[in-house]
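Here is the structure we will look at.
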Amino acid sequence: MELLAKYSHLPFYILATVTVVCSLGMIFLPNLIRAGFLLIGAFCAIAGLYFVLAANFVAISQILIYAVGIVLVIIFAVMLCNLKEQATDVVKEEVVDALDIGLRKLAALLVCLGLFALLVYVINSQDWSSIAQLSGAEAQ
């Protein structure tokens with residue numbers, strides 16, 4: 001029993017790692033079909049996190065609504081579009097300046113860092129002991 005209690009947090013860390021890896025893969029892969037399947041993996045890992053938290057209804061809803069429904073629609077939309085012809089038309093019509101792309105990446109990075117700093121501030125300013133007492137977690 002001690003061994004089981006010692007490693008009870010392991011499924012959470014595994015599923016959280018799978019979620020982060022699938023999300024990053026989805027963002028950085030240029031192939032939209034593979035990115036769609038990684039999105040399914042991320043949604044399923046999030047459903048696994050809900051199972052770990054004993055929220056079975058939410059986990060099943062996550063799988064049925066998001067992992068199957070929305071991603072299936074996205075994949076069908078991508079398959080029905082002829083993206084190669086559209087991409088060559090855009091390149092021929094308008095050449096995007098490298099400086100413009102760099103500025104957009106810099107702006108996105110600044111916004112993400114700002115949101116991350118805000119999130120860290122909110123988490124650190126929260127009085128977690130009062131929340132634990134209200135939920136009854138201190139009694140265990």
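The values are calculated or read from the model by the stated rules, or taken from the named source; none is laboratory data. All values reported here derive from a predicted model rather than from experimental measurement. Please note that ligands, DNA and RNA were not included when accessible areas were found on the heavy atoms of the full protein model with its side chains. Shrake-Rupley method; radii C 1.70, N 1.55, O 1.52, S 1.80 Å.
Taking the protein heavy atoms of the stretch 1-81 in the context of the full set of protein chains, the accessible area attributed to carbon and sulfur is 79 percent at 1.4 Å.
The solvent-accessible area of Phe37, taken with every protein chain present and a 1.4 Å probe, is close to 120 Å². Its convex hull of Cα atoms gives the stretch 1-84 a direction-averaged projected area, equal to a quarter of the hull surface, of 6.0 nm².
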